[in-house]
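Colleague: Quick one: this structure, given as structure tokens, is what I'll be asking you about.
The values are calculated or read from the model by the stated rules, or taken from the named source; none is laboratory data. This one's a predicted model, so the numbers in the text were calculated from it and none came from an experiment. Cβ placement follows ideal geometry from the backbone for every residue including glycine, while neighbour counts extend to all protein chains displayed. Areas reflect the complete protein model, heavy atoms only, side chains present, ligands, DNA and RNA absent. Shrake-Rupley method; radii C 1.70, N 1.55, O 1.52, S 1.80 Å.
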Amino acid sequence: MLVNFNDMLQKAKKEHYAVPQFNINNLEWTKYILEECNKLNIPVILGVSEGAAKYMGGFLVVSSMVKAMIKSLKIEIPVCLHLDHGSSFESCKDAIDAGFTSVMIDGSKYKLSENINLTKMVVDYAHQKQISVEAEVGHIGGSEDNISSNILNATLEDCITLYENTKIDSLAPALGSVHGFYKGEPNLDFKTMKEINEAIPIPLVLHGGTGIPEEKIVQAISSGISKININTDLQATWSKAVREYLNSNNEVYDPRRIIGSGEDAIKNKIAKIVTIFKTKL
Ligand code: 13P
């Protein structure tokens with residue numbers, strides 16, 4: 001069942017666990033994620049970046065593929081198809097019009113008032129169609145920014161102001177996490193995380209889930225995080241398995257065998273991650 005993230009994240013917030021957002025890159029990953037989450041009987045959010053959507057042929061290709069897969073594979077868990085880091089109103093609108101059930105509008109590169117205006121436009125369009133909206137406050141850097149000044153942490157005041165002026169459905173406050181691998185230990189601001197969680201009633205999202213040690217994930221969930229995004233971890237896990245397979249199977253040329261050699265590794269990794277998140281239906 002393709003749904004927005006509201007019910008799954010509100011339940012996670014109330015019961016103190018996290019729902020995973022796994023980013024998809026192609027048909028095979030989508031299939032592995034859906035099959036494994038269905039087997040584990042947990043809800044899942046499929047994250048699609050603008051770049052990944054373009055790679056796969058566009059938003060309509062992605063949503064048609066996901067819908068068809070849910071039907072053909074008899075997937076019974078709630079699945080949310082979510083645009084990750086939408087960069088403009090037009091991009092969010094295009095994803096929604098193509099059948100996505102959720103969008104993130106990332107106005108983090110703008111000053112707060114502009115971020116609010118942009119986010120509000122997306123919320124007004126999305127909410128008419130029961131589509132959920134996530135926004136970002138502060139700036140979540142890439143791994144190249146780690147331990148540098150490019151990470152701009154969110155403040156409690158800015159989070160409250162953005163929420164009150166937009167009525168978004170979830171918020172990703174930048175509190176020290178980065179996309180990609182960390183150089184050294186991630187330094188997450190759990191105190192502000194808790195304060196934001198107590199001040200606004202919507203679920204909080206942790207971006208840059210790859211490489212955060214288990215005890216910090218647990219602490220983040222107990223500080224109010226209800227959705228955790230994972231991309232790099234599955235990419236690295238898949239690449240390692242495929243590289244090993246190719247190294248010892250020099251003669252193989254069937255792409256199904258090559259791509260498929262990462263299937264078990266991805267599925268095992270998902271099972272491990274959601275045990276830490278304590279994800280449930
Ligand atoms: P990682 O690539 O660090 O797992 O982050 C994923 C993410 O936050 C997508 O929005």
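Colleague: Scan LYS39, LYS31, LYS54 and give me the residue that is closer than 20 Å to ILE96 by Cβ and modelled with pLDDT of 95 or more. Give the derivation first.
Modeller: On the way: LYS39 fails: closer than 20 Å to ILE96 by Cβ; LYS31 fails: closer than 20 Å to ILE96 by Cβ.
So the residue among LYS39, LYS31, LYS54 that is closer than 20 Å to ILE96 by Cβ and modelled with pLDDT of 95 or more is LYS54.
Colleague: Which of the residues spanning the range 250-273 are open to solvent by 40 Å² or more (accessible area, probe 1.4 Å) and among the polar types (S, T, N, Q)?
Modeller: Within the range 250-273, ASN250, ASN268 meet the criteria.
Colleague: Does any residue in the range 206-217 that is over 14 Å from ASP84 (Cβ atoms) come within less than 6 Å, Cβ to Cβ, of a residue that is open to solvent by 40 Å² or more (accessible area, probe 1.4 Å) and assigned to a loop (DSSP other than H, G, I, E, B) six or more places away or on a different chain, and which pairs are these?
Modeller: GLY211/PHE181
Colleague: Further question: List the number of the failed condition for LYS194; all other conditions in (1) more than 28 Å from GLU35 (Cα to Cα); (2) open to solvent by 30 Å² or more (accessible area, probe 1.4 Å); (3) away from the ligand (no atom under 13 Å from the Cβ); (4) in a loop (DSSP other than H, G, I, E, B) hold.
Modeller: Result: LYS194 fails condition (4) only.
Colleague: Could you check, for the range 120-136, whether at least one of its residues is within 15 Å of the ligand (Cβ to nearest atom), part of a helix (DSSP H, G or I), surrounded by fewer than 24 Cβ atoms within 10 Å (Cβ to Cβ) and free of Cβ contacts under 8 Å to residues at least 40 places away in the same chain?
Modeller: no
Colleague: Moving on. Condition first: free of Cβ contacts under 8 Å to residues at least 60 places away in the same chain, within 13 Å of the ligand (Cβ to nearest atom) and more than 19 Å from GLY138 (Cβ to Cβ). Can you find one or more residues in the range 255-271 that meet it?
Modeller: yes
Colleague: Could I ask something else about it? Which number in (1) within 29 Å of THR30 (Cβ to Cβ); (2) more than 15 Å from the ligand (Cβ to nearest atom) marks the one condition that TYR182 misses?
Modeller: (2)
Colleague: I would also like to ask the following. Quick one: how many residues across the range 241-254 are within 30 Å of GLY208 (Cα to Cα) and either among the charged types (D, E, K, R) or within 16 Å of the ligand (Cβ to nearest atom) (or both)?
Modeller: Of the residues in the range 241-254, 2 are within 30 Å of GLY208 (Cα to Cα) and either among the charged types (D, E, K, R) or within 16 Å of the ligand (Cβ to nearest atom) (or both).
Colleague: Can you find a residue that is β-branched (Val, Ile, Thr), in contact (Cβ under 8 Å) with a residue 60 or more places away in the chain and closer than 18 Å to ALA52 by Cα anywhere in the range 86-108?
Modeller: Residues of the range 86-108 β-branched (Val, Ile, Thr): 96, 101, 103, 105.
From what is left, the residues that are in contact (Cβ under 8 Å) with a residue 60 or more places away in the chain are 101.
Subsequent filtering for residues that are closer than 18 Å to ALA52 by Cα retains 101.
Yes: one or more hits.
Colleague: A further question follows. Do the conditions hold for PRO201, that is, is it open to solvent by 10 Å² or more (accessible area, probe 1.4 Å) and without any contact (Cβ under 8 Å) to a residue 12 or more places away in the chain? Talk me through it step by step, then tell me what you get.
Modeller: Details: open to solvent by 10 Å² or more (accessible area, probe 1.4 Å): yes; without any contact (Cβ under 8 Å) to a residue 12 or more places away in the chain: yes.
Yes: the conditions hold for PRO201.
Colleague: Take LYS216 and tell me if it is part of a helix (DSSP H, G or I) and out of contact with any helix residue (DSSP H, G or I) (no Cβ under 9 Å at 6 or more places or on another chain). Outline the logic, then answer.
Modeller: Values: part of a helix (DSSP H, G or I): yes; out of contact with any helix residue (DSSP H, G or I) (no Cβ under 9 Å at 6 or more places or on another chain): no.
Against the criterion (part of a helix (DSSP H, G or I) and out of contact with any helix residue (DSSP H, G or I) (no Cβ under 9 Å at 6 or more places or on another chain)), LYS216 does not qualify.
Colleague: Out of LEU188, LEU175, report the one residue that is open to solvent by less than 10 Å² (accessible area, probe 1.4 Å), touching a Gly at 6+ places or on another chain (Cβ under 8 Å) and part of a loop (DSSP other than H, G, I, E, B). Even if it seems obvious, please write down each step before you answer.
Modeller: Working: LEU188 fails: open to solvent by less than 10 Å² (accessible area, probe 1.4 Å).
Result of the check over LEU188, LEU175: LEU175.
Colleague: Let me ask another. Among the residues of the range 256-281, how many are outside any helix (DSSP H, G or I) and not hydroxyl-bearing (Ser, Thr, Tyr)? Please lay out each step first, then the result.
Modeller: Just the residues of the range 256-281 that are outside any helix (DSSP H, G or I), to begin with: 261-262, 278-281.
Subsequent filtering for residues that are not hydroxyl-bearing (Ser, Thr, Tyr) retains 262, 278, 280-281.
Residues that pass the stated criteria total 4.
Colleague: Starting from the range 4-25, take each residue that is closer than 20 Å to MET65 by Cα and list its partners that are of a type in the set (Ser, Thr, Tyr), counting only C-beta distances under 6 angstrom and pairs at least six apart or across chains.
Modeller: If the second residue must be of a type in the set (Ser, Thr, Tyr), the pairs left are ASN4/THR101; ASN4/SER102; ASN4/SER132; PHE5/SER102; PHE5/SER132; ILE24/THR30.
Colleague: Kindly indicate the residue of the range 214-240 that is hydrophobic (A, V, I, L, M, F, W, C) and either crowded, with 18+ Cβ neighbours inside 10 Å or within 16 Å of PRO173 (Cβ to Cβ) (or both) and also nearest to the ligand (Cβ to nearest atom) among those meeting that condition. Give the steps one after another, and end with the answer.
Modeller: Initial filter on the range 214-240 (hydrophobic (A, V, I, L, M, F, W, C)): 217-218, 220-221, 225, 228, 230, 234, 236, 238.
Then drop every residue that is not either crowded, with 18+ Cβ neighbours inside 10 Å or within 16 Å of PRO173 (Cβ to Cβ) (or both), which leaves 217, 220-221, 225, 228, 230, 234, 238.
On the way: ILE217: 12, ALA220: 13, ILE221: 16, ILE225: 12, ILE228: 8, ILE230: 5, LEU234: 8, TRP238: 13 Å.
Filtering the range 214-240 for residues that are hydrophobic (A, V, I, L, M, F, W, C) and either crowded, with 18+ Cβ neighbours inside 10 Å or within 16 Å of PRO173 (Cβ to Cβ) (or both), the one nearest to the ligand (Cβ to nearest atom) comes out as ILE230.
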